[in-house]
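Engineer: Quick one: this structure, given as structure tokens, is what I'll be asking you about.
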Amino acid sequence: MLSNYGFLVPKNFFCRTIEEIRDAFYFFEGQKFVLKCQIQFGGRGKSGAVKVVSNIQESELFFRRWMNRKLATDKTGIDGQKVVGMLVEEYIDVQQEMYVSVSIDKNKNRIVLIFSFYGGIEVEKNHEKNRNYFQKLEIDLIKRLKLDTIRRYVDKLCNIQKISLSFSKFLFDLLEIFFSLDLLFIEINPIAIDRYGKLICLDGKSKIDENALFREKEIKKEILSVENDSLEDIIDKLSISSNYVSLNGNIGCISNGAGLAMGLMDLIKIYGGHPANFLDIGGNTSLSKVEKYFCKILNQDRVIVVIVNVFGGIIRCDVVAQILLRSMKKIGGKPIPKIFVRFSGNRYQYGINMLKESCFKSNISIMYNLEEMVEKSVLLTKGRNVHFN
């Protein structure tokens, strides 16, 4: 994506097989290069998942060590994420590492640009150590920022004219990408200054507004080409509503209404647990989409317990019960996590009766006290014995 807009990136190859690793090695003609495990989270460097290698034996050993294995970093949580491929990348002789990110502050309706000349894997420690190392600019959505304005702020951190000018232009162009591609977030860390004074993007991540994907067909193709999921799963990811947000915990959360959903997540954290997701099934969400959400949560290996906390209104409790049972049938012979259900409101007793009379009744516990339900869920995730009524 960055190279298409004129940014310098190292020569690289995305590899899924040992044969592709060998081909990449011969392309670099025996020079040093970098292997990077491909997951959707940061923190790989500190976890040993980025390695500089100089021969084919090291390359193959590293590939076999990580490919298709779970990689856990400080960003993924304890369950980690499967390595779906390796990026084989040209080695850059780095003289200095810098950091930049662009994101949205929804409270202020502003774009936020943050940059520093102290980037790399210790960027968070550097920020804690001295916040003066970092500059933060709030950008009006209409007025935008001019190059000379950016330059004034860059000059506060850098007194080398050539670097200050090129980095200011870099930031200006990155903001243009952010707006033109409908991004919600982009981070480049690190941006390297090589021995020739060039700025090179060594690593980065971005998130596109899923509502704008119809405008960004090329990016959609890229997502489809590198993901390891089936086409159906990818399309589901691209179309999934903002009512669902995946997190790194092991307690699945199903609620209707953002207030109930956030309250449930807060209570889980208070009792020492970790939510696996945010889900507000709402009253206007299609039932087929609700079923997809349920299946998604039940299918995740890291989910040990699922909490269903529903106050029946537009979407009735018996309808939620029906969708839950249908979802449990759909996941087939896969082990089903323990499910705690608390219904109140519209047709709650009908919903409870449906669950009690189903073939999955041994997997489901009906609860009436929210705090007790959360406490038992957290204890289960920690391997503690829990008494069920």
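Readers should treat all values here as calculations from the given coordinates under stated rules, not as data from a laboratory. No experiment lies behind these values; they were computed from the predicted model shown. Cβ coordinates were reconstructed from backbone atoms using ideal geometry, including for glycine residues, and neighbour counts include every protein chain displayed.
Engineer: Quick one: what Rg and Dmax do you get for segment 241-307 from the alpha carbons, in Å?
Structural biologist: When restricted to the Cα atoms of segment 241-307, Rg and Dmax are 11.1, 33 Å.
Engineer: Distance in nm between label sites at MET262 and SER246, each 7 Å beyond Cα in the beta-carbon direction?
Structural biologist: Placing both labels 7 Å beyond Cα along the Cβ direction yields 2.4 nm.
Engineer: Computed FRET efficiency, Cβ-Cβ of GLU60 and LYS136, R0 45 Å: what is it to the nearest 0.05?
Structural biologist: Values: r = 44 Å, r/R0 = 0.98.
Using R0 = 45 Å, I get an efficiency of 0.55.
Engineer: Now a separate question. Where in segment 312-389 are there GluC sites (Glu not before Pro) that are in a DSSP coil and have at most 15 other Cβ atoms within 10 angstrom of their Cβ? Mind showing how you got there, number by number?
Structural biologist: Details: sites: GLU357, GLU371, GLU372, GLU375; in loops: GLU357.
Sites meeting the loop and neighbour criteria: GLU357.
Engineer: Listing LEU184, LEU137, LEU279 from the residue with the fewest other Cβ atoms within 10 Å to the one with the most, what is the order? All intermediate terms of the calculation are to be shown ahead of the outcome.
Structural biologist: Details: LEU184 14, LEU137 17, LEU279 27.
Ordered by Cβ neighbours within 10 Å, fewest first: LEU184, LEU137, LEU279.
Engineer: Over segment 91-211, consider all pairs of different Cα atoms and compute the Kirkwood hydrodynamic radius from their mean reciprocal separation; express it in Å, one decimal. Provide the component values of the computation, followed by the final result.
Structural biologist: On the way: mean 1/r = 0.0677 Å⁻¹.
The Cα-based Kirkwood calculation yields 14.8 Å.
Engineer: Additional query: If I model a spin label at ILE78 and GLN95 as a point 7 Å from the Cα along the Cα→Cβ vector, what separation in nanometres do I get?
Structural biologist: Those two pseudo-labels are separated by 4.6 nm.
Engineer: PRE reach from TYR153 (point 7 Å along Cα→Cβ): which of segment 83-105 fall under 16 Å by backbone N?
Structural biologist: Within reach of a label on TYR153: 99-105.
Engineer: Next up: What is the projected area of the convex hull of the Cα atoms of segment 240-381, averaged over all directions, in nm²?
Structural biologist: Details: hull surface 29.2 nm².
So the Cα hull casts an average projection of 7.3 nm².
Engineer: A further question on this structure: Reachable lysines from LYS125, Cα under 23 Å, same-chain residues fewer than 8 places away excluded?
Structural biologist: LYS36, LYS46, LYS51, LYS75, LYS136, LYS156, LYS205
Engineer: How many times 2.2 N^0.38 Å is the alpha carbon radius of gyration of the chain?
Structural biologist: Details: Rg = 24.3 Å, N = 389, 2.2 N^0.38 = 21.2 Å.
For the chain, the normalised Cα radius of gyration is 1.14.
Engineer: Under the definition of Cα pairs under 8 Å and six or more residues apart, what whole-number percent is the relative contact order of segment 240-381? Walk me through the numbers on the way to the answer.
Structural biologist: On the way: 271 pairs, mean separation 36.9, N = 142.
Relative contact order of segment 240-381: 26 percent.
Engineer: Any idea which of TYR153, ALA192, TYR133 is furthest toward the positive side of the dipole for segment 94-208, if Lys and Arg beta-carbons carry +1 and Asp and Glu beta-carbons -1?
Structural biologist: TYR153
Engineer: Once the piece of chain linking LEU165 and LYS330 is laid out straight, how much longer is it, given 0.36 nm per residue of separation minus the C-alpha distance between them?
Structural biologist: Values: separation 165, 0.36 × 165 = 59.40 nm, distance 5.79 nm.
The span from LEU165 to LYS330 would gain 53.6 nm if fully extended.
Engineer: Note down the magnitude of the dipole of the chain about its Cα centre, charges +1 on Lys and Arg C-beta and -1 on Asp and Glu C-beta and zero elsewhere, to the nearest 20 debye. Spell out each step's value before the answer.
Structural biologist: Numbers: 56 positive and 45 negative charges, 144 e Å.
So the magnitude is around 700 debye.
Engineer: Counting other beta carbons within 10 Å of each residue's own, what order do TYR196, TYR244, TYR5 fall into, fewest first? Mind showing how you got there, number by number?
Structural biologist: Numbers: TYR196 8, TYR244 18, TYR5 12.
So the ranking, lowest neighbour count to highest, is TYR196, TYR5, TYR244.
Engineer: Which value, in debye to the nearest 20, describes the size of the charge dipole of segment 9-90 about its Cα centre when Lys and Arg Cβ atoms bear +1, Asp and Glu Cβ atoms bear -1, and nothing else is charged?
Structural biologist: Details: 14 positive and 10 negative charges, 74 e Å.
Its charge dipole is roughly 360 debye.
Engineer: Hey, got the dipole for segment 318-366? About the Cα centre, +1 on K and R Cβ, -1 on D and E Cβ, debye to the nearest 20? Walk me through the intermediate numbers first.
Structural biologist: Details: 9 positive and 2 negative charges, 35 e Å.
Using only the charged Cβ atoms, the result is roughly 160 debye.
Engineer: In addition: How high is the FRET efficiency from LYS146 to PHE14, r the C-beta distance, R0 25 Å, rounded to 0.05?
Structural biologist: Values: r = 37 Å, r/R0 = 1.48.
The formula returns an efficiency of 0.10 here.
Engineer: Calculate the FRET efficiency for ILE114 and ASP182 from the Cβ-Cβ distance with a Förster distance of 22 Å, rounded to the nearest 0.05. Kindly include the intermediate steps, with their values, before the conclusion.
Structural biologist: Details: r = 20 Å, r/R0 = 0.91.
Computed FRET efficiency for ILE114 and ASP182: 0.65.
Engineer: Moving on to the next point. Mean Kyte-Doolittle of at least -0.5 plus a Cα span of 24 Å or more along the axis: flag which DSSP H helices in the chain meet both, please. Provide the component values of the computation, followed by the final result.
Structural biologist: Details: long enough: 161-180 (29 Å, 0.83).
Membrane-span-like by this criterion, though nothing is claimed about a membrane: 161-180.
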